[in-house]
Structure formats: C-alpha cells, structure tokens
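Peer 1: Just dropping this structure here.
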Amino acid sequence: MSSEALLAALAGVQDPEIRRPITELDMVRAATVVGGVASIELKLTIVGCPAADRIEADVRAAAAAVEGVERVDLDIGVMTVAEREALTTRLRGTKKQQFGPDSLTKIYAISSGKGGVGKSTVTANLAVALAARGLRVGLVDADVFGFSIPGILGIAGVKPTQVGDMILPPIAHGVKVVSIGMFVDGQAAVSWRGPLLHRTIQQFVTDVWFGDLDVLLVDLPPGTGDIAISLGQLLPQAEVVVVTTPQPAAAEVAERSGLVARQTGQTVIGVVENMAGLAQADGSVLELFGSGGGDELAARLGVPVLARIPLSVALRAGGDAGEPIVLSDPDDPAARAILALADALATRERGLSQRHLPFTTSQ
C-alpha cells in the first residue's frame, strides 16, 4: 500500500517545463517503499536539465510526505535517445505542432508602424495579465532585430530546453516564451535577410512545443517588412492589434502595418493608444505626444480603440527590471488599462467557424 501511495504522491509532481506529471512522462521508472525507505528511480529528459534541482526537490518532498516513509533514496539518470523520441512523439503526435486552420488557439499579433511606441512592453504585460487569469499563454518574440521580450519578462540569458528536435520554451510569470534573444550570445547583433528571417519565424511556430494554448501573442517588429509578411503566410488566422502613440504622425505610419496585415488575410481587430498622456499632481494630463492619434488610426482602419495606456514611470521601470507592472503594481493607471485590455481579449471565444471538426456525419 505504501508503494501505491508513493506513486500517487509522485503523480502530483510536474515537470516545470513540460507541465505534465512526471509519472505521465515516464520519468519515474521505479518507486517502492520497503521498511520505511522510499526508493525512486528517476529519469530526466536530458543531461543538464535546467529544471533538475526543482524536480529533485519536489520528488523528495512528495515522497517524504507519504505516511510510513522515513528516508528517501533517489537514483537520478537520463533518458536514452529512443526514450526521448518516444516522449516527443507522445507529446506532440507524429506531426510538429502547427497553429493551423484547425487550431482553437486565439492568436493575436501585436504590430506597430514604427519603433519606440511601447509595443513590446504592452505585449509582454498583456501576456502576463492573460496568464494571471488562468489562460494558457504563449508569446513569440518575432522582433528579430530588436528583441526585448526576454528582458522585459526578466528571463534575459535563459535558454530553451531541447528534447530531441523539440524545443521547450522557458516560462516567465506563467507565459511560455521564445525569442531569438535566447539563441544569441549577449548583445550580439542579428543581421539576417528575408529567407533566413522566414525560416526563423517558421521554426518558432512549428519546432517550439507550446502545448495546447488558449492564447498565442506574437510581438511583431515595427513596420511592414519580411517578418510581417511571413507571419501573414504562416498565421493567416491571426487577429492584429495595432499599437500607436497619440501623435498623429505616428498614427499615419501605424496605419500601414494594419493595411499589410489585411493584405495577407489577417483581421485587424483594434487599436491600442500607448503613452496617452502623463497625469499631473493637480489632476491635469500632460499630453507629451499630442492627442487624437489613436482615434484617427481607429477611424481609418474601421476598428475600435481597445485601450488607452497612459505614460507611466512604473511601467518603464518594470520593463527595465524584468518585473511586469500588471503584477508588481496593478493599481498603476497604466497597469489598469492593460488589465482591462486583457479582460476584453480574454472574453473573445476560440471560435469554431471555418475550423475542421474531427468527426463525420453518417448518410
């Protein structure tokens, strides 16, 4: 009975990267209790598994909590190549994961006409806010030349784990994240042209195993270049949110990114006006970047303004420190605006329209 209780306890231990019970992943090869000693044979997915210390600690704690266990003996090894291949096949099936037309994952591409409008800061905080609501969220940093998502989320320098040919994205604040910044050393510059850019983005949405997601956010680079076109081809079902500042000149440029999205078959669902004024001590608002740009852009694209995010020192500081403001200071006006945006997007259903359903009707 103690051995059965031990296995039941170990079933409550999850691999923090794959987010499945270690018993379900065939990581527990043996687990017995004899004379008060719990003997456990554990197989990690790879050599140097970054989650090894946490898994070991969780296994020891779970085993020690079993009634009658006085000592825990843990034998840790590594899966063979064949065992890893079997695991990857079981996780994703025989095909690589694709967010194709049959996927129920809601995909939001966050775009802007120009850089410096806070698009990545909005995207990162929005992803964290959605995850805090219990949604399964993935984030692809497609801004290959100007990647900043890892730093904003506090995981700069963290590398993905590779199991066979399957890449497991790091997790930050409940969000599974992949960025080219995780594959380059330090501040190395990325100087790539079209075909290589397309292949990189294609790998991000096929070779990276996110598991079943409710929402996938894609942080697009500014402008209307190769990556925007590639994303339109790879994820034509994505819904696009265009970020601009209140400055009319910025809104004029941002309109182009929305038009390119439509040309590739994507749907523009709304505008986010960022840096929408700085609140003063006397209650007035200092409009450093002018006003009206968000409304003007929304009118041109025929979509609503989904959010107006005010200038916030805390929002900027949180991005520099890797501490999303929606968690560290949710009462900040900018955080409240982003949280309201998350509420609006979280209520949008994963629709079945034009999706293939896995059954047929009889004649």
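The numbers here are math on the coordinates, done by the rules we state, and not lab data. Keep in mind that what you see is a predicted model, and the values were worked out from it rather than measured. Cβ coordinates were reconstructed from backbone atoms using ideal geometry, including for glycine residues, and neighbour counts include every protein chain displayed.
Peer 1: Starting from the coordinates of the alpha-carbon atoms of the chain, obtain the Kirkwood hydrodynamic radius over all distinct pairs and give the value in Å to one decimal.
Peer 2: Roughly 22.3 Å, rounded to one decimal.
Peer 1: Moving on. Across segment 334-339, in residue order, what do the Karplus-derived ³J(HN,Hα) couplings come to in whole Hz, using 6.51 cos²θ - 1.76 cosθ + 1.60 with θ = phi - 60° and x for Gly and Pro?
Peer 2: 5, 4, 4, 5, 5, 5
Peer 1: Looking at the chain only, what percent of DSSP beta bridges run antiparallel? Nearest 5 please.
Peer 2: Restricted to the chain, the bridges split so that about 25 percent are antiparallel.
Peer 1: To continue, here is another question. Using just the helices of the chain, give the 222 nm mean residue ellipticity in deg cm²/dmol: DSSP H runs with n ≥ 4 each add -39,500 (n - 2.57), and the total is spread over all residues, rounded to 500.
Peer 2: -10500 deg cm²/dmol
Peer 1: For the chain, what's the relative contact order in percent, using C-alpha pairs closer than 8 Å and at least 6 residues apart?
Peer 2: Worked out over the chain, it gives 17 percent.
Peer 1: Could you give me the ³J(HN,Hα) list for segment 242-258, computed from phi with Karplus coefficients 6.51, -1.76, 1.60 and θ = phi - 60°, whole Hz, x at Gly and Pro?
Peer 2: Going residue by residue, I get 9, 9, 9, 9, x, 5, x, 5, 5, 5, 4, 5, 4, 4, 5, 5, x Hz, with x marking Gly and Pro.
Peer 1: Quick one: Karplus J couplings for segment 154-170, per residue in order, coefficients 6.51, -1.76, 1.60, θ = phi - 60°, nearest Hz, x for Gly and Pro?
Peer 2: x, 10, 4, x, 7, 9, x, 9, 10, 10, x, 9, 9, 9, 9, x, x
Peer 1: Cross-link partners among aspartates and glutamates for residue 176, C-alpha distance below 19 Å, same-chain residues fewer than 8 apart left out?
Peer 2: Excluding near neighbours in sequence, the set is 15, 17, 141, 143, 165, 207, 212, 214, 219, 323.
Peer 1: Name the residue farthest towards the positive end of the dipole of segment 1-160 from the options 127, 63, 78, assuming +1 on Cβ of Lys and Arg, -1 on Cβ of Asp and Glu, about the Cα centre.
Peer 2: Projecting each Cα onto the dipole axis, the largest value belongs to 127.
Peer 1: Provide the gained length on full extension for the span residue 41 to residue 67, in nm with one decimal, where the gain is 0.36 nm per separating residue minus the Cα-Cα distance.
Peer 2: Working it through step by step, the gained length comes to 7.4 nm.
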